[in-house]
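Notes to accompany the following structure.
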Amino acid sequence: MIRGKCPICGKPFEITDLGALPSFPFCTDRCKLVDLGRWIDGAYAIPDKSPAGGSTEPENPDVTEDEEE
Ligand SMILES: [Zn+2]
């Protein structure tokens with residue numbers, strides 16, 4: 001039995017083996033993606049583009065990036 005706590009939402013989980021929790025050490029794929037998103041955001045500062053893809057956002061060739069942080 002493996003007990004852990006999700007580093008994202010803090011939710012405790014209890015599994016029999018790692019194979020039972022593909023998103024380990026996160027409780028769900030959602031938390032896993034949240035962590036991944038944070039990491040990517042900090043590492044590469046990718047523009048407004050979802051890594052999941054498949055979205056139907058229009059691509060404007062003359063779009064300007066005016067994000068200020
Ligand atoms: Zn979680």
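The values are calculated or read from the model by the stated rules, or taken from the named source; none is laboratory data. Here the structure is a predicted model, which means the values were calculated and not measured. Here the Cβ positions follow ideal geometry from the backbone for every residue, glycine too, while neighbour counts run over all protein chains shown.
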Checklist entry - Has region 52-66 got any residue that is within 16 Å of the ligand (Cβ to nearest atom) and at pLDDT 70 or above? => result no
Checklist entry - Restricting the first residue to region 1-19 and requiring it to be within 14 Å of residue 31 (Cβ to Cβ), which pairs with a second residue that is more than 13 Å from the ligand (Cβ to nearest atom) and of a type in the set (A, V, I, L, M) meet a Cβ separation below 8 Å and a spacing of at least six or different chains? => result 4/15
Checklist entry - Mind checking whether some residue in region 20-40 is part of a loop (DSSP other than H, G, I, E, B), modelled with pLDDT of 80 or more and under 30 Å from residue 67 (Cα atoms)? => result no
Checklist entry - So which residues in region 1-46 are within 8 Å of the ligand (Cβ to nearest atom) and among the polar types (S, T, N, Q), if there are any at all? => result 28
